[in-house]
1. Any idea what angle helix 39-51 forms with the longest principal axis of the chain, computed on alpha-carbon atoms, 0 to 90 degrees, nearest 10?
2. In the full protein assembly as shown, how much of H33 is accessible to a 1.4 Å probe, in Å² to the nearest 10?
3. Does anyone have the angle between helix 83-103 and the longest principal axis of the chain? Alpha-carbon axes, 0 to 90°, nearest 10?
4. Can you work out the accessible area per residue across segment 25-150, with the rest of the protein chains kept in place, probe 1.4 Å, in square angstrom?
5. Relative to the longest principal Cα axis of the chain, at what angle does helix 62-78 sit, 0 to 90 degrees, rounded to 10?
6. Report, in debye and to the nearest 20, how large the dipole of segment 1-78 comes out about its Cα centre when Lys and Arg carry +1 and Asp and Glu carry -1 on their Cβ.
7. Got a sec? Which residues in segment 43-79 would a label at H33 touch, if it sits 7 Å along Cα→Cβ and we count backbone N under 14 Å?
8. Of the accessible area of segment 1-112, with the probe set at 1.4 angstrom, what percent is carbon plus sulfur?
Amino acid sequence: MISGRLVHLIETHASQIVDRVAYQIRHDQDLSHIRTLLDSEMREWNLELLERLTSWLSPVNREDLGRRYERLGKMRFEQDIPLHESVRGLCLMREKTLDFVEEHTASNSSVELCAEEELDRRLGFFFDLLITHVVRGYERALRRVASMTA
């Protein structure tokens, strides 16, 4: 079972994690399009994700999460953000979240190491799910436009 303490650490420090992601996006030459989004828009999506992580990790909320991230994929298509940049942004969120947890926990016992490993596994699955829904929303928007021009 995933450690509530580690998830709480993420939720209570979401703003710091999002700041790290925003910094990385602003300085990554391969993310030139997504960088043009208003910081407030990027922060809103990412903060909402991390601050409600306990809720989002629940299987009960999977459909709602799927709809939300399909909508994000559609928005990114409409904003002319390349799909690879949208996916990379989510990968950075996962990466920076796990980096933060690693920096702020002392893994002195096998129980703590197992908790961190379980968090890594669950966040991997979680972000894979988000990416799948972003891609699905993006592709649907792309097909819709393609069918209108055909």
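1. 40
2. Counting only protein heavy atoms, H33 exposes about 80 Å² to solvent.
3. Relative to the chain, helix 83-103 is tipped by roughly 10 degrees.
4. Result: 57 Å² per residue.
5. Here the helix axis deviates by roughly 50 degrees.
6. 140
7. 73-79
8. Details: 3080 of 6140 Å².
The value for segment 1-112 is 50 percent carbon and sulfur by accessible area.
The values are calculated or read from the model by the stated rules, or taken from the named source; none is laboratory data. All values derive from a computational prediction rather than experimental measurement. Cβ sites come from the backbone with ideal geometry, for glycine too, and all protein chains shown count toward neighbours. These accessible areas exclude ligands, DNA and RNA; they are computed on the full protein's heavy atoms, side chains included. Shrake-Rupley method; radii C 1.70, N 1.55, O 1.52, S 1.80 Å.
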